[in-house]
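Structure first, commentary second.
The values are calculated or read from the model by the stated rules, or taken from the named source; none is laboratory data. Note that the structure is predicted; figures quoted are calculated from it, not measured. Positions of Cβ are generated from backbone atoms using ideal geometry, with glycine treated the same way; all protein chains shown enter the neighbour counts. Note: areas computed on protein heavy atoms with side chains; ligands, DNA, RNA excluded. Shrake-Rupley method; radii C 1.70, N 1.55, O 1.52, S 1.80 Å.
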Amino acid sequence: MALDTSVPPASSFATVLPTLLLAGVIGETAFEAYAWFVSPLLFGPVLEPAYLVTALANKLFGLSIPYGLAFLIHFSVGAIVFPLAVLAVHQVTRLRFWISGVVAGVLLWYIAQGMLAPFIGRSFMMDFGAYTQSSFLGHVGMAVVMALVFMKVSEGRKNHR
């Protein structure tokens, strides 16, 4: 079992927040770069989760929001909530950070494609087509990048003690 006991289970929010935001922005930027530039080369479709956000805003609140706002909402959620998911998996399981990133990425992918997509009227996991396959790589890759940032910052803190 790949347990990681080097990170204290209870860190203060003030200590974790800068690292959380750093991991989130780096990971979400990596996701967007993959979504717009790599996904079309590997799978065909550009990943545009902003369309999921526009559909959710319409279904939940009856709002029609512009694509740019939906993009900013998704980026913000990705930069704040997604690294929280990585950190939560790590704190609960005590797995190594990168493994926690894989687990969190799979969970986030399932929430997007297996729960939210059907909620707005798309098929479950969008029939496991190219978009869903690419989304899997995007979510897992993004969460692993976030986990690596947490890991590097944690190692840096240990070296400065």
Sum of side-chain charges, Y131 neighbourhood, beta-carbon under 12 Å (Lys, Arg +1; Asp, Glu -1) | -1
Label assignment, Cα Rg over 2.2 N^0.38 Å derived from the structure, set (1) 1.47; (2) 1.18; (3) 1.09 | (3)
Helix-only mean residue ellipticity at 222 nm for the chain, each DSSP H run of n ≥ 4 adding -39500 (n - 2.57), per residue, nearest 500 = -22500 deg cm²/dmol
Which residues' amide hydrogens lie under 5 Å from the amide hydrogen of L95, considering only partners 5 or more residues apart or on another chain, with H built in the peptide plane?
-> D4
Label point 7 Å beyond Cα of L63 along Cβ direction - residues of the stretch 97-128 with amide nitrogen under 18 Å | 120
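How high is the relative contact order of the chain? Use alpha-carbon pairs under 8 Å, at least six apart in sequence, and give a whole percent.
Working: 195 pairs, mean separation 51.0, N = 161.
Over the chain, the number comes to 32 percent.
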Carbon and sulfur together cover what percent of the accessible area of the chain at a 1.4 Å probe radius?
-> 73 percent
Expressed as an acute angle from 0 to 90° and rounded to the nearest 10, what is the orientation of the C-alpha long axis of helix 50-61 relative to the principal long axis of the chain?
-> 80 degrees
Using only protein heavy atoms and a 1.4 Å probe, report how much of I80 is accessible, in Å² to the nearest 10.
-> 80 Å²
Could you go through the stretch 87-103 in sequence order and give the Karplus-derived ³J(HN,Hα) for each residue, using 6.51 cos²θ - 1.76 cosθ + 1.60 with θ = phi - 60°, rounded to whole Hz, and x for Gly and Pro?
-> 5, 5, 4, 4, 5, 6, 8, 6, 6, 4, 4, 5, 5, 4, x, 4, 4
